[in-house]
Amino acid sequence: MTFTLDADDPVFVAGHRGLVGSAIVRRLRAGGHRNLLTATRDELDLRDQAAVRSWLEEHRPRAVHLVAGTVGGILANSTRPAEFLYDNLMIHANVVEAARHVGVEKLLYLGSSCIYPRLADQPIVEPALLTGPLEPTNEAYAVAKIAGIKMCDAYRAQYGCDFVSAMPTNLYGPNDNFDLQSSHVLPALIRKFDDARLAGETQVTVWGTGRPRREFLHVDDLADACVFLMERYDEPGPINVGYGEDVAIAELAEMVRDVVHPEAEIDFDTSKPDGTPRKLLDSSRLQQLGWQPSIPLAQGVASTYEWYLEHVAPRAVG
Ligand code: GDP
């Protein structure tokens with residue numbers, strides 16, 4: 001069944017300051033939406049059940065993009081498991097329950113490809129969910145994300161709510177986190193090569209062996225897919241959102257090096273974890289619905305670096 005929104009219908013983007021939320025806001029505005037509801041963390045702590053309920057009672061969105069959460073790369077995930085579990089479980093539970101309570105007509109919940117078993121067959125199909133052990137470096141986050149999928153499915157089964165779950169692959173783009181302690185690999189590499197360039201250094205250290213393979217999707221492609229899925233998708237269970245190709249971390253490092261600091265040499269710190277050996281989603285269900293990504297990785301890396309130079313680098317050096 002198709003779900004259509006009018007330009008003036010209230011749409012809540014939970015997590016609008018993050019990588020994904022800010023891209024969804026850009027995408028909805030570009031599509032002519034005039035009634036986007038947002039709240040900063042100071043205005044609304046999504047972990048606070050009573051606050052979430054009363055905020056939704058007051059604002060009564062017709063649709064919700066639930067893309068808020070505590071997120072991070074391999075180091076943050078493996079060293080702050082309590083925060084990743086608590087924050088995300090609370091946010092998902094509070095927003096989903098309050099959305100049911102106020103009669104939200106459509107909710108799109110965003111998970112992550114780390115919900116799938118560490119050694120799932122590649123490319124990973126949606127039925128692989130809960131068929132094997134998770135990757136230990138991001139197990140806490142994955143457990144919270146799986147709970148979110150099951151919540152959407154349970155609310156659909158018990159209350160008839162049209163709540164859907166999308167599972168994106170590794171994302172990157174404007175408004176990403178470039179802090180080396182908590183970021184994902186792509187923004188970390190942009191930061192490391194640019195810092196080396198500015199400091200006149202030629203050695204850049206990449207964590208792990210460089211052999212793990214990851215699939216990267218530009219967040220503007222993801223935002224487009226979220227808007228598409230909100231309109232066209234109405235089923236239980238996760239649906240994958242990927243780019244369709246993966247690269248080795250060593251290849252990614254070379255790609256970033258060539259854009260940011262071509263003179264640099266790469267070395268690998270194998271005392272750091274590799275994480276899951278490969279993560280490539282099978283996104284054929286989404287493709288069959290009629291959606292395709294449009295931003296190739298090389299182009300996305302170049303435009304993200306430009307964004308970084310304009311918005312982050314001045315602060316980082318100054
Ligand atoms: P993951 O996809 O959940 O494993 O998350 P990340 O994006 O943090 O890491 C992906 C891969 O990149 C892992 O194999 C990391 O060891 C590797 N990697 C290499 N250098 C870095 C770095 O500077 N930061 C991060 N976060 N990962 C890095």
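Among beta bridges identified by DSSP and lying wholly in the chain, the antiparallel ones come to about 10 percent. Got the relative contact order for region 1-136 handy, in percent, Cα pairs under 8 Å and 6 or more residues apart? Once divided by the residue count of region 1-136, the mean separation gives 24 percent.
What angle, in degrees between 0 and 90 and rounded to the nearest 10, separates the Cα long axis of helix 297-311 from the longest principal axis of the Cα atoms of the chain? Relative to the chain, helix 297-311 is tipped by roughly 90 degrees.
Solvent exposure of region 1-146 amounts to 45 Å² per residue of accessible area, where only protein heavy atoms count and the probe is 1.4 Å.
The convex hull built on the alpha-carbon positions of the chain has an orientation-averaged projected area of 15.6 nm².
Backbone amide hydrogens, once placed in the peptide plane, bring TRP207 within less than 5 Å of ASP269, excluding anything fewer than 5 places away on its chain.
Mind running the shape call on region 4-87? Use the C-alpha gyration tensor, a ≥ b ≥ c as the square roots of the eigenvalues: rounded below 1.5 for a/c, prolate if a/b tops b/c, oblate otherwise. The shape class here is oblate.
Here the accessible area is traced with a 1.4 Å probe on the protein chains. For region 171-318, carbon and sulfur cover 46 percent of it.
Short-range pairs are left out: with C-alpha atoms under 8 Å and at least six residues apart, the relative contact order of the chain is 20 percent. DSSP beta bridges in region 165-295, what fraction antiparallel, as a percent rounded to 5? Percentage antiparallel, nearest 5: 20. When only alpha carbons are used to place a centre, region 150-178 and region 13-73 end up 13 Å from one another. Excluding ligands, DNA and RNA, the accessible surface per residue across region 255-318 is 55 Å² with a 1.4 Å probe.
Counting only alpha carbon atoms, the long axis of helix 249-260 and the longest principal axis of the chain meet at about 80°.
Averaging the Cα positions of each part gives two centres, and for region 211-251 and region 263-318 these lie 12 Å apart. The angle between the Cα long axis of helix 81-102 and the longest principal axis of the Cα atoms of the chain comes to about 30 degrees, rounded to the nearest 10.
If the Kirkwood radius is taken over C-alpha pairs of region 149-240, then at 10 °C and 1.306 mPa s the Stokes-Einstein diffusion coefficient equals 99 µm²/s. Within region 22-147, the proportion of Cα pairs with more than 16 Å between them is 67 percent.
The values are calculated or read from the model by the stated rules, or taken from the named source; none is laboratory data. This one's a predicted model, so the numbers in the text were calculated from it and none came from an experiment. The accessibility values were calculated without ligands, DNA or RNA, using every heavy atom of the protein model including side chains. Shrake-Rupley method; radii C 1.70, N 1.55, O 1.52, S 1.80 Å.
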